[in-house]
Amino acid sequence: MAVLGSLKTFKGGHYFGLFEGTPRGKRLSQAPLPKRAIVFLRQGFSAEVAPLVQVGDRVKTGQIIGKNDPNPQKPSTPVHATISGRVAKIEKLPHPLDGRPTLAVTIESDGQDAWQLLERPTLNYERLSAEELGKILYDAGVTSGGQAGFPTAFATAYGTPERIRYLVINAIETEPYFEATDQLLYEEFDKFVNGMKILRQALGNVQVHIGLGYNKPRIYEELITRLEYYDWCTVHQLLPKYPQGDDAVLVRTLLDLLVPQGGYVTDIQCVVQDVQQCVAAYEAVVEGKPFVERVISVAGSAVKEPKNLRVRIGTPISELLDNNLSAARARVILGSVLRGRDQQSLDVPVLKETPAVIALKEAQPELMPVAGPGFDRDSFTGAYISLPWLKFKRATTSLNGNQRACVRCGYCLDVCPQNLFPAMLGEYCAHDLVSNALEIDLMACIECGLCAYVCPSKIPLLEQIRKGKRQALEEVSA
Amino acid sequence: MMGFPERVYEFFERVHHRLKEQKREGLAILWEGLKDAIFGGSDKAARQAPYIRDAIGMQRYMGTPLIACIPLVIAAIYCYGWSTLAILLVTYVVGGIVELTFCAIRRHEITEGLLVTCMLYALALPPTLGRVENWWIIAVGIAVAIVIKEIFGGSGYNIFNPAITGRAFLLLTFPREMTVYWYTPFNPLTDGLGGFVHWSPETAKGIDAIAKATPLGAFNDPNLPVPDLFTLVTGIGRADSLGAGFPLLLLLGGAYMLYTRVIDWRVSIVMIVTTGLFSQFLHFIAPTRFPDGLFAVLSGGLLFAAFLNATDPVTSPMTRRGKWIFGIMLGVLTVLGRGLTGYAEWVTFSILIGNLFTPLLDRFTIPKAYAGPAISRR
Ligand code: SF4
Ligand code: SF4
């Protein structure tokens, strides 16, 4: 038995408190079918694909509506209709995560939810070959998941299955408000374990390493019992410190491998997949369902009732937040509060890579907010007394301080999981000295956002660093 | 429906707007500063990710050393009477005026660091400066400190710790007032309410209250008796600078600041330990020049400087390795300086020298990224 229990972690990072409006422990519930789905033709790791349908076409749930020919330079994965109905619009819209104009297909629901299941051999999956599994996963759209895609023969990641040596399963959620995937792990444990086996088989029976939060002893026990007789699997228990779930950090913690700067985990022969991907792989191979539905948390301090939901990809977030916002002024964020993007309009859809939709209260003027012990405040420092029994930490978009010049406190260096020098990186990038920034390892930044989170001078370090990285990439391609 | 804070906020905004309209930029900056002080940045929202931010802001960050200094201030008032408060007041008023003038003229924001600078500057002064005829010296020192800070570009860009700059200036310009006269503090074992009911030890006891030297001064002067360990540790009957003579309270404050992460042990503790070990080592070689390790640590404001001055974030290195080197350097310089020159104020100068090396240390200790060599996709 190669299953061993070791408590691992990494240097830097931050343990977040539990913020207001976290749906901790809430069971997953099914969101109603959306009346209209906006499906972007660029989802997850995949490149933008060409549409296969036209306005007016009738589509079924799970039907492929966009696809590219395999191209190793531009990995892509098919995109599916996520509800059945009529194609109402095909137009370029700004992508919710980076604002680049991207083709999106709007489908008007016919309320039937008629499915088109995958064509696949109906054998027990254990009898299928790696190629056959790769084909199903590709057809099902599972392969665009994770931060670096899932390699198959159809060029769905930078890398091919033959070159992969490790499959790393990310079963730890450390970001504020991301509760749904944890919940999925509890509720669909069987699917998760089998999905993991499927993914492994599709990669040619590689070694599997599971990174699990140490605060889930029950899951740990169960995994140990289930996987006891397999010598290909190692379960690691991890401290729940952000950003442990990031690909580069996870691989480094579990396997001591370093991801090259500006590269992906596939470059060091690893694949990282999360719980949602495992479950989706199971549903694709065993049930024949393409990846059209995912779990998300609808959460945040401005949300009346935080929930964990199963929603169709492409559901506009207005349908999730309508009648559920408690504050008049709220900031709606698609994805993570640390690295995601706020949305001006609620007309943007849930994407394949969206684990949460978060609405935060806007900053409000308060008189002398720094006075007082600060029982409900989350801080990297010990300057506020955070009481564990006061459950929820305050969460607003407030900077909690005035912007000042860098006081060189060094907190950003202390939290940086990549051991970078964020203060200097930010300074260089803000002044367009990208080549200097590259010398001090700009491209090693994983954009976790912690440096900007902890900065007491409220310097927008992440913003500056992202700008520098964009410039550096443009220079390379120019 | 608007709450009270929002209404106050509205008022501030309106007046600010008015001042801008009338092109009174300087006043507008000061008004903005007042608003920022009252609302502590709670009104400012994050434009981009991360959308939630750490609760620590510059106010709380700079407030922590002030909290750590409260016990020192109380102890100083007890030991040296209400003239202590006069010293603090003169410092804050003059420091405040100079800083605000600069802010208004140079149109930059008012920063919280000033409060800490003034506190640390005042607490490192000899209590005898509390005599009314000496107040102008205090004023000159803090004014020079802030002017020098502003010459380098203001808070965050200054190379030298302002409190230490001011102190060094006074040491060089007014050596007599700074190093010759000391008070024997009120003694809690015999003096009852002590300084709480007196202006200064001098007004209470007359000439008897004048002490010849601080413990370190006594060590360097063969004619004076060296105080015993009890005096050194408890600070009872120990003549020293206002805030530097209370090792127990300094340890308390230091522990608090270490706990809150506002200071780093890599500077403070490393500096203290280096001083102790190095001094002890040299003590074996030249016992008359170098005191034993414990004495070196407890005397001459070393604890005060190690916890409060050397750790000043702006003028100490940011990187972990840089902090180690900085702490060791300060310890070594202090011991060597004190022993070789026989001058008790070497903590001050070693910090100034250390400050000079800070940018260099940062540059040469940039941490190595946890990432493989760069690859390009094209
Ligand atoms: S520099 Fe990059 S990796 Fe480091 S803390 Fe900042 S965002 Fe995270
Ligand atoms: S956290 Fe902010 S203030 Fe502190 S060193 Fe980094 S950039 Fe400067």
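Every read-out reported here was derived from the displayed coordinates using simple, explicitly stated rules and does not represent laboratory data. Quantities reported herein were computed from a predicted structural model and do not represent experimental measurements. Every residue, glycine as well, gets a Cβ built from its backbone with ideal geometry; the counts of neighbours run over all protein chains shown.
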Simple label model, 7 Å out from Cα along Cβ direction - B:Glu21 to B:Phe357, nm: 5.7
Whole-angstrom gap from the range A:372-391 to the range B:85-118, using each part's C-alpha centre: 30
In the range A:84-147, the GluC sites (Glu not before Pro) that fall in loop regions by DSSP, at most 15 other Cβ within 10 Å: A:Glu119
Extension gain from B:Glu13 to B:Phe364, taking 0.36 nm per residue of separation minus the Cα-Cα distance: 121.8 nm
Mean-position separation - Cα centroids, the range A:13-88 and the range B:323-352, in angstrom: 64
Mean Cβ neighbour count within 10 Å, used as a protection proxy, ranking B:360-373, A:156-169 highest first: A:156-169, B:360-373
For the range A:144-174 and the range B:217-241, distance of Cα centres in Å: 69
Ratio Rg/Rh, restricted to the range B:114-218 and using Cα atoms, in which Rh is the Kirkwood radius: 1.05
Peptides ranked, highest mean first, by Cβ atoms within 10 Å: ranges B:54-65, B:212-223, B:123-134, B:77-88: B:54-65, B:77-88, B:123-134, B:212-223
Share antiparallel - DSSP beta bridges, the protein assembly as shown, percent rounded to 5: 55
For the range B:241-291, convex hull of alpha carbons as volume per residue, Å³: 90
Global size of the range A:403-478 as Cα Rg and Dmax, reported in angstrom: 11.6, 37
R0 of 41 Å, Cβ-Cβ distance B:Leu248-B:Arg320: FRET efficiency to nearest 0.05: 0.90
Estimated Rh, the range A:33-116: Kirkwood, alpha-carbon pairs, angstrom: 12.8
Extension gain from A:Ser318 to A:Leu473, taking 0.36 nm per residue of separation minus the Cα-Cα distance: 52.4 nm
Peptide-level mean, for A:455-462, of C-beta atoms on other protein chains within 10 Å: 5
Alpha-carbon Rg with Dmax, taken over the range A:170-290, Å: 14.0, 39
Share of alpha-carbon pairs per 10 Å distance bin for the range A:342-478, given as whole %: 10, 32, 33, 21, 3, 0
More than 17 angstrom apart: percent of Cα pairs within the range A:119-177: 48
A:Glu187-A:Ala328 FRET efficiency (beta carbon distance; Förster radius 41 Å; 0.05 resolution): 0.75
Other-chain or far-sequence residues with amide H under 5 Å of B:Gly372's (modelled H): A:Val259, A:Gln261
Peptide-level mean, for B:313-319, of C-beta atoms on other protein chains within 10 Å: 5
Taking N as its residue count, the alpha carbon Rg of chain B over 2.2 N^0.38 Å: 1.08
Contour minus Cα-Cα distance for B:Glu133 and B:Ala374 (0.36 nm per residue): 80.2 nm
Inter-chain shielding of A:379-389 (mean C-beta neighbours from other protein chains, 10 Å cut-off): 5
Contact order relative to length of the range A:403-478, as percent, for alpha carbon pairs under 8 angstrom and 6 or more apart: 38
Sum of -39500 (n - 2.57) over DSSP H runs of 4+, divided by residues of chain A (222 nm, nearest 500): -6500 deg cm²/dmol
Estimated Rh, the protein assembly as shown: Kirkwood, alpha-carbon pairs, angstrom: 30.0
Cα long-axis angle, helix A:189-202 against chain A (0 to 90 degrees, to the nearest 10): 70
Unpartnered cysteines - no second Cys beta carbon under 4.7 Å - across chain A: A:Cys233, A:Cys270, A:Cys278, A:Cys406, A:Cys409, A:Cys416, A:Cys429, A:Cys445, A:Cys448, A:Cys455
The range A:80-110 residues near the modelled A:Gln54 label - backbone nitrogen below 15 Å, point 7 Å along Cα→Cβ: A:87-90
FRET efficiency, B:Leu340 to B:Leu100 (Cβ-Cβ, R0 51 Å, nearest 0.05): 0.75
Proximal charge balance of A:Gly25 [Cβ under 10 Å; K/R count +1, D/E count -1]: +1
Charge context of A:Thr396, other residues only, Cβ under 12 angstrom, K/R +1, D/E -1: +2
The range A:353-431: Rg to Rh, with Rh as the Kirkwood radius over Cα pairs: 1.01
Cut-off 13 Å between beta-carbons: net charge of the residues surrounding A:Leu7, Lys and Arg +1, Asp and Glu -1: +3
D (Stokes-Einstein, µm²/s), Kirkwood Cα radius, the range B:41-139, 0.692 mPa s at 37 °C: 212
Kirkwood hydrodynamic radius of chain A, Cα pairs, Å: 23.1
Helix A:130-140 vs. chain A, principal-axis angle (Cα, 0 to 90°, nearest 10): 70
